[in-house]
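Contents: one structure, followed by commentary.
The values are calculated or read from the model by the stated rules, or taken from the named source; none is laboratory data. Just so we're clear, the structure is a prediction, and the values are computed from it rather than from any experiment. Don't worry about glycine lacking a Cβ; one is built from the backbone with ideal geometry, like all the others, and counts go over all protein chains shown.
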Amino acid sequence: MVTDEIGFPDCLKASQINKIMKLTFKNWDENYYFGLLKKMNIPENKEFKTFSRGTKMKTGIAVALSHKPKLLLLDVNCSILFAVYSVYGVREMERNRTAYTAERKKCVSC
């Protein structure tokens with residue numbers, strides 16, 4: 001579930017969030033996470049406390065997508081942001097990941 005209050009400690013950087021999530025989710029896709037950060041212009045090495053509210057929500061969406069969820073729940077604010085970023089390529093990245101995975105006969109549902 002992604003809400004507009006993500007809840008990461010302010011002192012963490014997006015690159016450090018990756019390290020924590022790798023240990024938290026067995027399906028964590030580090031390359032996909034960093035690809036989403038780049039696509040959504042989220043800085044890897046700035047502290048979370050310096051992020052705008054929108055950048056914090058984008059980080060939450062990147063985290064939520066990068067552990068290959070079967071279901072993704074977004075609150076109203078995040079769903080609007082997700083829809084906007086879908087136009088700019090997040091859906092394209094998702095399609096590419098699905099095609100890449102299907103090619104290797106693995107099943108990934110998001």
Given the conditions (1) under 16 Å from residue 65 (Cβ atoms); (2) surrounded by 12 or more Cβ atoms within 10 Å (Cβ to Cβ), report the number of the one that residue 31 does not fulfil. (2)
Output for region 24-44, where each listed residue is assigned to a helix (DSSP H, G or I) and of a type in the set (Phe, Trp, Tyr): 32, 33, 34
Which numbered condition residue 21 misses (of (1) modelled with pLDDT of 80 or more; (2) of a type in the set (A, V, I, L, M, F, W, C); (3) not in a helix (DSSP H, G or I)): (3)
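Within region 14-28, track down each residue that is surrounded by 14 or more Cβ atoms within 10 Å (Cβ to Cβ) and aliphatic (A, V, I, L, M).
Going through region 14-28, the residues surrounded by 14 or more Cβ atoms within 10 Å (Cβ to Cβ) turn out to be 14-18, 20-22, 25, 28.
Listed by number, the residues that qualify are 14, 17, 20, 21.
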